[in-house]
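Taking it in order: structure first as structure tokens, then the write-up.
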Amino acid sequence: MKHLILVIGLVVTATGLASLQQTSLARLPKLRTEKLESNAQPTPQRAALKLPLKNPLIVVTKSKRRLELYSDGALVRTYKVGLGLNPVPDKVRQGDRATPEGDFYVFTKNDKSAFYLSLGISYPNIEDAERGLRDKMITRAQHDAIVRAIKRKATPPQNTRLGGDIYIHGNGSSSDWTWGCVALENENIRELFEAVAVGTKVTIRP
């Protein structure tokens, strides 16, 4: 009889300990979850651009790999960019893979670009044409065609020895990988593409 009472006592004690352990363990995840939820911070959301922009201006600073978007003189966006495979010098000729420097404008918008979206930049400009003529890289007729196009804010000739087909486009800004263009992340070129019109001024600095 004593043995039977001892066995029953042991069983009751073990059951109680197991129940207590399960109760304790059940509480732990709840406490941890509550702690994590109390420390969670909301993801910051970037405020939408106020459109239309007033007197928009795009400024690219090559040395900082940065594109700034201005509205009526106020900075409204800053984007990281990638440049040409030859990122430091000014563009001189076709195939040098350098990103041009100077004052330009957006001459076209392409929503079917191979690089997601793109804004055509009016390279070569008049200064490039003067240099090209002086260095005998282009003819007088080519020089004059570039000058006429720039004065009309049209598309300058893109197939001279000075080069062309310079765009601000998508497909990534993590490295200098283009043939002279300015590359942004797709979400950024989408925002920029929707914010600016053909004719928007573009300045590219060293």
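The values are calculated or read from the model by the stated rules, or taken from the named source; none is laboratory data. Only a predicted model underlies this, so the values are computations on that prediction, with no experimental measurement involved. We place every Cβ from the backbone using ideal geometry, glycine too, and count neighbours over all the protein chains shown. Remember, those area values only see protein heavy atoms, side chains included, never the ligands or the DNA or RNA. Shrake-Rupley method; radii C 1.70, N 1.55, O 1.52, S 1.80 Å.
Here are the numbers for this structure:
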| read-out | value |
| --- | --- |
| Placed amide H near residue 113: partners under 5 Å, 5+ positions off or other chain | 118 |
| Sorted peptide list for 107-118, 58-69, criterion being average Cβ within 10 angstrom, highest first | 58-69, 107-118 |
| Too-long pairs where the Cα-Cα distance tops 32 Å, listed order kept, from 50/91; 64/153; 80/136 | 50/91; 80/136 |
| Cα extents of segment 65-117 along the three principal axes, largest first (Å) | 35, 27, 20 |
| Local electrostatic count, residue 53, Cβ distance below 14 Å [Lys/Arg +1, Asp/Glu -1] | 0 |
| Å² per residue, accessible surface of segment 77-188 at 1.4 Å | 48 Å² |
| Inter-centroid distance (Cα atoms) of segment 68-122 relative to segment 123-171, Å | 15 Å |
| Partners for residue 54 among aspartates and glutamates (Cα-Cα distance below 15 Å; same-chain residues under 8 apart left out) | 68, 72, 194 |
| Sites residue 135 and residue 201 - FRET efficiency at Förster radius 22 Å, r taken between beta-carbons, to 0.05 | 0.25 |
| Relative pair counts by distance (%), Cα atoms of segment 59-169, 5 Å bins | 2, 12, 20, 23, 20, 14, 7, 2, 0 |
